[in-house]
Each structure stands twice: as structure tokens, then as C-alpha cells.
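Chemist: To start, I am sharing the structure in question, which I have written as C-alpha cells.
The values are calculated or read from the model by the stated rules, or taken from the named source; none is laboratory data. Quantities reported herein were computed from a predicted structural model and do not represent experimental measurements. All Cβ positions, even for glycine, are placed from backbone atoms using ideal geometry, and neighbour counts span all protein chains on display. All accessible areas refer to the heavy atoms of the entire protein, side chains included, with ligands and DNA or RNA removed. Shrake-Rupley method; radii C 1.70, N 1.55, O 1.52, S 1.80 Å.
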Amino acid sequence: QVQLVESGGGLVQAGGSLRLSCAGSGRTFSGNAMGWFRQAPGKDREFVSSISWNGRTTYYVDSVKGRFTISRDNAKTTVYLQMNGLKPEDTAVYYCAADADLLRIGQGRGRYWGQGTQVTVSS
């Protein structure tokens, strides 16, 4: 069982930065791939980024490549999403997800999900 709690969201001006954190509980955290998703009002949930259990493999949606960086600290059972150069279209609720299978994360079929944190980017 893995429980996930996101934090770090907020209101920021376009061009600004935020770092989201997703703290996981449970002894199996380090064995899970992790991912970040977002959902804007009226839109479907969208994959943003994922990272393998050991941090060696990462994926990003094209719209955030070069601006967002995913990382993890297994000792702290936390995964991060550093978001730079934020744009108004990045406004959404951001969720983290965990699963033993990195591919399932990318497909949006993670076993465990957090409750989300709001990110609002003003123009």
C-alpha cells in the first residue's frame, strides 16, 4: 500500500517557477515508478512526466520538455516536479501517481494516486 500527498502548488505569474512534491508512505515506495498528471477545468487528465523506480528513465509530454524536470529521492520517499517557465496553459490540478510498472504510469493506469495540488499561472 502506498499513500501519496502532493504539495507545492500555488499561484505564480507567467515565466515563474514552482516545485511540486509528492510524499509517499509505505515501504514499497522506492520500488514504484512515479508520475505526474494534470487536469485543467473541462479537460481530460493529461500525462505530464514519469520516472522509473531508480530515477534512470524519465519521460515528458512534449509541451513541458525543457521546462519541467522530474526527480525522486527514495530516501525521503518523495518525487519532485520542478516547473520553470510556467505558462497560463500549465494551470491545472496536478496529481502524482505510483505503480510498480512504468508503462502503466504512462498510460494513466497507476495503482495509487494523490489528492492533487492546484497550480495557477497568471498571464
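Chemist: Find out how many positive minus negative residues lie around residue 80, taking Lys and Arg as positive, Asp and Glu as negative, among other residues whose Cβ is under 9 Å from that of residue 80. List each step's numbers first, then the result.
Modeler: Working: positive: 19, 72; negative: 73.
Computed value for this residue: +1.
Chemist: At a 1.4 Å probe, what is the % contribution of carbon and sulfur to the accessible area of the chain? Write down the numbers at each step before the final one.
Modeler: On the way: 2990 of 6330 Å².
C and S fraction of accessible area: 47 percent.
Chemist: Which residues' amide hydrogens lie under 5 Å from the amide hydrogen of residue 10, considering only partners 5 or more residues apart or on another chain, with H built in the peptide plane?
Modeler: Those lying under 5 Å, H to H, from residue 10 are 119, 120.
Chemist: Please give the calculated 222 nm ellipticity per residue for the chain, where each DSSP H segment of at least 4 residues contributes -39500 (n - 2.57) and the sum is spread over every residue; nearest 500 deg cm²/dmol? It would help to have the intermediate numbers written out before the result.
Modeler: Numbers: 1 runs with 5 residues, N = 123.
Using -39500 (n - 2.57) per qualifying helix, the result is -1000 deg cm²/dmol.
Chemist: Report the calculated FRET efficiency for residue 43 and residue 23 (r = Cβ-Cβ distance, R0 = 41 Å), to the nearest 0.05. Write down the numbers at each step before the final one.
Modeler: Details: r = 26 Å, r/R0 = 0.64.
So the FRET efficiency works out to roughly 0.95.
Chemist: Follow-up. Report the gain in length on full extension from residue 118 to residue 89: 0.36 nm times residue separation, minus Cα-Cα distance, nm rounded to one decimal. Write down the numbers at each step before the final one.
Modeler: Values: separation 29, 0.36 × 29 = 10.44 nm, distance 1.31 nm.
Gain in length upon complete extension: 9.1 nm.
Chemist: Between residue 101 and residue 11, what length in nm is gained on full extension when 0.36 nm per residue of separation is reduced by their alpha carbon distance? List each step's numbers first, then the result.
Modeler: Working: separation 90, 0.36 × 90 = 32.40 nm, distance 3.27 nm.
Here the segment from residue 101 to residue 11 would lengthen by 29.1 nm.
Chemist: Please enumerate, by chain and number, the lysines with C-alpha under 30 Å from the C-alpha of residue 76, excluding those fewer than 8 residues away in the same chain.
Modeler: 65, 87
Chemist: Starting from the Cα of residue 57, step 7 Å toward the Cβ, then list every residue of the stretch 1-39 with an amide N under 16 Å from that point.
Modeler: 31-36
Chemist: Might you tell me the accessible area per residue for the stretch 16-117, computed with a 1.4 Å probe and given in Å²?
Modeler: On the way: 5070 Å² over 102 residues.
Value returned for the stretch 16-117: 50 Å² of accessible area per residue.
Chemist: Mind putting a number on the dipole of the chain about its Cα centre? Charges go on the C-beta only, +1 for Lys and Arg and -1 for Asp and Glu, and I need it in Debye to the nearest 20.
Modeler: Working: 14 positive and 9 negative charges, 42 e Å.
About 200 debye.
Chemist: Starting from 0 in steps of 10 Å, tell me what percent of the Cα-Cα pairs of the chain lands in each bin.
Modeler: 15, 51, 29, 5, 0
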